[in-house]
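Here is the structure we will look at.
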Amino acid sequence: MNPRWDYLVTPLGREYKNTKKIADQEFTINTSIEDASFVNRMGIVNAIPIGGEIPVGSIVVVHHNVFRTYLDMKGKKRKSNEYFRDGQYLVHPDKIYMYDNGDGWKTTKEYCFVSPLDYIQDGEIYRSDKKKEEHVGLIKHSSAYTEGTKIGFTRNSEYEFVIDDEKIYRMKNSDICIKLC
């Protein structure tokens, strides 16, 4: 079965990543389906559309609403619009940000991923409210920029992902506004 326009993807694990294992016991750390930060954003490609560039079997990073469950107007649980059947989702290429086919992570189209930088405390004024530098980071994954390049990016352009146990920001290449030394 080959879809016409979208990739056929299954979640890598469950739809939600809301459990944590502590001392051989698994605990649910969030029971709300409304919180997007606990939605799984990793999947495996099962079938590709005509002209698709991401190979079957690749691990993909997708939009946070792809595997999401929501409550409709009557309070009934519904799967996202991408849900197809049997735990599979039809995902439009615009909602796939990065993939790994065994050769390392590759970004798609206009997207890049940036590692945030820790806040450097000023010697005179201590800021306990700041953990990360604002609007500054290092290129982690990009087809347009060299990995490790220090850059500045526009306000509200970053969206947080956890890839390989590291917090990184997804943004468009056009949101990068300056290369820093």
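Conditions tested, residue by residue: (1) under 30 Å from N2 (Cβ atoms); (2) modelled with pLDDT of 90 or more; (3) within 19 Å of the chain's Cα centre (by Cα).
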position	(1), (2), (3)
R78	yes, yes, no
W105	yes, yes, yes
C112	yes, yes, yes
D122	no, no, no
K130	no, no, no
L138	no, yes, yes
T149	no, yes, no
D165	no, no, yes
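I need the full set of residues from the range 98-156 which are closer than 15 Å to S174 by Cβ and in a loop (DSSP other than H, G, I, E, B), in order please. T108, K109, E110, S143, A144, Y145, T154, R155, N156, listed by residue number. From (1) within 19 Å of Y99 (Cβ to Cβ); (2) surrounded by fewer than 13 Cβ atoms within 10 Å (Cβ to Cβ), pick out the condition that doesn't hold for I139. Failed condition: (2).
Results for (1) buried (at least 17 other Cβ atoms within 10 Å of the Cβ); (2) touching a helix residue (DSSP H, G or I) at 6+ places or on another chain (Cβ under 9 Å); (3) free of Cβ contacts under 8 Å to residues at least 40 places away in the same chain; (4) not in a strand (DSSP E or B), shown as yes or no for each residue.
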{"position": "M1", "(1), (2), (3), (4)": "no, no, no, yes"}
{"position": "V9", "(1), (2), (3), (4)": "yes, no, no, no"}
{"position": "K21", "(1), (2), (3), (4)": "no, no, yes, no"}
{"position": "V45", "(1), (2), (3), (4)": "yes, no, no, no"}
{"position": "G51", "(1), (2), (3), (4)": "no, no, yes, yes"}
{"position": "I54", "(1), (2), (3), (4)": "yes, yes, no, yes"}
{"position": "V61", "(1), (2), (3), (4)": "yes, no, no, no"}
{"position": "G75", "(1), (2), (3), (4)": "no, no, yes, yes"}
{"position": "N81", "(1), (2), (3), (4)": "no, no, yes, yes"}
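Every condition in (1) touching a strand residue (DSSP E or B) at 6+ places or on another chain (Cβ under 9 Å); (2) more than 15 Å from N65 (Cα to Cα); (3) assigned by TED's automatic domain parsing to the domain that holds D100 is met by I50 except one, and the failing one is (1). Kindly evaluate Y111 against the criterion of being touching a residue at least 40 places away in the same chain (Cβ under 8 Å) and either surrounded by 14 or more Cβ atoms within 10 Å (Cβ to Cβ) or not β-branched (V, I, T) (or both). When the stated conditions are applied, Y111 passes them.
Among the candidates K95, K131, the residue that is basic (K, R) and either assigned by TED's automatic domain parsing to the domain that holds L12 or surrounded by 15 or more Cβ atoms within 10 Å (Cβ to Cβ) (or both) is uniquely K95. Among the residues of the range 144-181, which ones are in contact (Cβ under 8 Å) with a residue 12 or more places away in the chain, polar (S, T, N, Q) and under 26 Å from V39 (Cβ atoms)? Result: T154, S157, N173, S174. Scanning the range 23-43 for residues that are more than 20 Å from I163 (Cβ to Cβ) and outside any loop (DSSP other than H, G, I, E, B) returns Q25, E26, F27, T28. Against the test of being free of Cβ contacts under 8 Å to residues at least 24 places away in the same chain, closer than 29 Å to R68 by Cα and not charged (D, E, K, R), the options H135, H141, H92 yield a single qualifying residue, H135.
The values are calculated or read from the model by the stated rules, or taken from the named source; none is laboratory data. The model shown is predicted, which means the values in this text are computed figures rather than measured ones. Here Cβ is always computed from backbone atoms with ideal geometry, including for glycine, and neighbour counts include all displayed protein chains.
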